[in-house]
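Contents: one structure, followed by commentary.
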Amino acid sequence: MALPTLTPEQRAEALAKAAEARKARSELLASIKSGKQSIEQVLQKAKEDKTIGKTKVTQLLKAVPGLGAVKVAALLEQAGIDPDRRAAGLGERQREALIEALK
């Protein structure tokens, strides 16, 4: 499928929207890293908040202090979650299993 041809205005608008989304995601990950928000709070809001919902679970978990790539991979495997899954795509059981594993 070919990509649609965008006018310069549409392209600029899309670039601005993408930059805004990256900034919001960066702020979200920084708030998790600093401890302002817990991963539990963030996962509970994933269905309503577009920024959280579109963020990969792997990215969210790596922002938690003390969790690196190996521990995150083990947690996801233990909870039965695909590493490419986005936060909004988690089922209730998956979310609860993940939160329980982090306690």
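What follows draws every value from the coordinates through simple rules; no lab data is involved. None of the values given here were measured: they were computed from a predicted structure. With ideal geometry, Cβ positions are generated from the backbone for all residues, glycine too; neighbour counts draw on all protein chains shown.
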Could you calculate the contour length gain from Arg11 to Ser31, that is, 0.36 nm times the residue separation minus the distance between their Cα atoms, to one decimal place in nm?
4.2 nm
Could you size up the charge dipole of the chain around its Cα centre, putting +1 on the beta carbon of Lys and Arg and -1 on that of Asp and Glu, and report it in debye to the nearest 20?
200
Could you give the semi-axes, largest first, of the ellipsoid that matches region 52-103, computed as the square roots of 5 times the alpha carbon gyration tensor eigenvalues and rounded to whole Å?
15, 13, 10
How much length, in nm to one decimal, is gained on full extension between Glu96 and Lys62, taken as 0.36 nm per residue of separation minus their Cα-Cα distance?
10.5 nm
About its Cα centre, what dipole magnitude does region 54-103 give when the only charges are +1 on Lys and Arg Cβ and -1 on Asp and Glu Cβ, stated in debye to the nearest 20?
200
Based on alpha-carbon atoms only, what is the radius of gyration of region 1-101 relative to the globular estimate 2.2 N^0.38 Å?
1.23
Tally Lys/Arg at +1 and Asp/Glu at -1 over every other residue whose Cβ is under 13 Å from the Cβ of Arg86; what's the total?
+4
Please compute the Cα-Cα pair-distance distribution of region 1-52 with 10 Å bins starting at 0, giving whole percents from short to long.
22, 36, 23, 17, 2
Which whole-number percentage describes the relative contact order of the chain, with Cα contacts under 8 Å and a sequence gap of 6 or more?
24
Could you tell me how many degrees, from 0 to 90 and to the nearest 10, lie between the Cα long axis of helix 92-102 and the main elongation axis, the longest principal axis, of the Cα atoms of the chain?
60
Quick one: grab the alpha carbon gyration tensor of region 24-81, order the square roots of its eigenvalues as a ≥ b ≥ c, and give me rounded if a/c is under 1.5, else prolate or oblate depending on whether a/b is larger than b/c.
oblate
What do you get for the angle between helix 69-79 and the principal long axis of the chain? Use alpha-carbon atoms, 0 to 90 degrees, nearest ten.
70
